[in-house]
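Enquirer: Structure below; questions to follow.
Coordinate-derived values only; no laboratory data. The structure presented is a predicted model; accordingly, all values stated were derived computationally and were not measured. Cβ sites come from the backbone with ideal geometry, for glycine too, and all protein chains shown count toward neighbours.
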Amino acid sequence: MKKNLLRKIVTAVIAATTITSFSSLGVSAATTNSTYDNNYNDYYNYMANNLMKTGWVMNNDNWYFFNNAGEMQTGVIKVNGQTYCLNQSGKMEIGKVLVNNRVYTTNKSGQVVGAKAPTVDKVFDSNSNVIKDNNKTSTVTKTNSGAGKTTTGGTTNTGNTTSTSTPSTGTNTTTTNAGSTTNSGSTSNTATSATSIDQQGLPALPSNYSITVQADAEQKILDLMNQKRTEAGLKPLVLDNTLIKVARYKSDDMIQNNFFDHTNPDGTKWTNWLQDLGYSYTSAGENIAYNTYDAVELFTQWWNSPSHRANMMNSSYTKVGIGVLLGNGKYMGTQEFSN
């Protein structure tokens, strides 16, 4: 019982398309059907005796921090004067850590050391009480070491998986896909250069970096994903024109604005874009990832993460859009799912 409950804390909802995280690759996942709370930051730490644990908790040799309300923390926190970096699954990172795209160093105890320190999101006292809240959550990932490093020296980073459903009064009802069109064919095997992705109906993106659409890689990722689905007895996903546009737009947005997150700098998400485009759905999900060495390898990054793999193998999804772009020295990939 105890092991199962603790597993829920760490995996925190890997169903369909989710928002929690896993391992040094920086994956994350969350769902509106969470066992704990619809707010993906609130994973309550209940043990077998139903007593709520607070403060530092070790599970599977990893440290997690819970405030005095039992809510698991993520981002950069300060406890008793020491600064710690927690990834989006809540795991305390050790060694070289990437915080909002800047590298910092932590010692074996997870405490930030050196001349540079990231800006703290929350400050806690010795009783796990919040004494200062800066009302933000930093993005914390492991730098290119261990599982995130290849023999070629390229860096990898697999992003959060996220799921959502359209607003309802308590149950989700099926809606028609009136705002989208479906394309059962494949993307052309070409690479198209541009300054940015212009998607009618969405805000114009800056042109800070030149980009190239990696259509070959998009098609290969689709083929690999559908091969896995077919082998598992699932129906292959069909390319959807609107989802393709949104996926490419998302990848370009992360390149041009130099960030890596499901939430955009202006606070919007991909679901807001779908709504702006008049796209109807009952559930939708997103995978993001990047590396510096191979576009098709993005699929392997997703496949090796349980939550991202769950997205790709979700039997309720029927449509997908894949956007892989090369820009600013990295291959940025996005998968958008819907039914």
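Enquirer: Using 0.36 nm per residue, how much length does the chain from Asp216 to Asp61 gain when fully extended, once their Cα-Cα distance is taken away?
Expert: So the chain would gain 51.7 nm between Asp216 and Asp61.
Enquirer: Ok, one more. Past the 23 Å Cα-Cα mark, which pairs from Lys91/Lys220; Lys78/Lys116; Lys142/Lys330; Lys245/Lys269; Lys108/Lys136?
Expert: Among Lys91/Lys220; Lys78/Lys116; Lys142/Lys330; Lys245/Lys269; Lys108/Lys136, the Cα-Cα distance tops 23 Å for Lys91/Lys220; Lys108/Lys136.
Enquirer: Continuing with the same structure: Could you put Val103, Val324, Val76 in order, starting from the residue whose Cβ has the fewest other Cβ atoms within 10 Å?
Expert: Val103, Val76, Val324
Enquirer: Under a plain spin-label model, where a point goes 7 Å from the Cα along Cα-to-Cβ, how far apart in nm are Asn134 and Thr282?
Expert: 4.3 nm
Enquirer: Students often check this: by mean Cβ neighbours within 10 Å, which of 85-91, 219-225 ranks highest, and how do the rest follow?
Expert: Going from most to least packed, we get 85-91, 219-225.
Enquirer: Out of Thr282, Pro236, His262, whose Cα points farthest toward the positive end of the dipole of region 203-290 (charges: +1 Lys, Arg; -1 Asp, Glu; placed on Cβ)?
Expert: Pro236
Enquirer: Also, quick follow-up: Where nothing but the Cβ of Lys and Arg (+1) and of Asp and Glu (-1) is charged, how large is the charge dipole of region 207-339 around its Cα centre, in debye to the nearest 20?
Expert: Using Cβ point charges on Lys, Arg, Asp and Glu, region 207-339 gives about 300 debye.
Enquirer: Quick one: P(r) of region 202-339 from all Cα-Cα pairs, 10 Å bins, percents rounded to integers, in order of increasing distance.
Expert: Going out from 0 Å in 10 Å bins, region 202-339 shows 13, 47, 34, 7, 0 percent.
Enquirer: Using a 7 Å offset from the Cα along the Cα-to-Cβ direction at both Ser207 and Asn107, what is the distance between the two label points in nm, to one decimal?
Expert: 5.1 nm
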